[in-house]
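Every number in this text was worked out from the coordinates using simple rules, so none of it is lab data. None of these values were measured; they are calculated from a predicted model. No Cβ is skipped: glycine too gets one built from the backbone with ideal geometry, and neighbour counts run over all protein chains shown.
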Amino acid sequence: MKKSVTLYNIYPLWFILLAPEHILLSLPIHFLIDCLVLLAGMALFKIADKKECFRYGIWRVFGFGRLADCFGVMYMAVVTGEGHLDGVEWFVTVPGVVIAAVSIFLLHYFFTFRWEDRGQRLKMALLFAVATAPYAFLFPIYA
């Protein structure tokens, strides 16, 4: 009987190991998503100086977003003891997404948007936590 293996999207550890050339595709997609969410947030919350906010914020948004994803990945790697999961382990993947989302919120609130007032920081950090959380962790990839 053939045993099926389920790998979860633990970015970037397994992704780099299995297909290192695809990281060149993944990073620009994440950057584009961050750009779109930042532009939408600036328009939605009526941030005054959009050009300066985008120019200084996008690299912080992108960098801290990837760092927060790594926090979720580290949790899942420590809990499983390996770089992959067998079966549907919601007790590992859901907390991994939550840890990454909370990390996104905290990093953006305290570091990325620190020049904005408290209300704008809260709204923007919450928008990024909800819109850019690594939901792909929840989808298994069958190998």
Taking 0.36 nm per residue of separation between Leu126 and Leu67 and subtracting their Cα-Cα distance, the length gained on full extension comes to 19.6 nm
What distance in nm separates the two pseudo spin-label positions at Cys35 and Asp117, each 7 Å out from Cα along the beta-carbon direction? 3.1 nm
Eigenvalues of the Cα gyration tensor times 5, then square-rooted: what semi-axes does that give for the range 29-142, in whole angstrom, largest first? 30, 13, 11
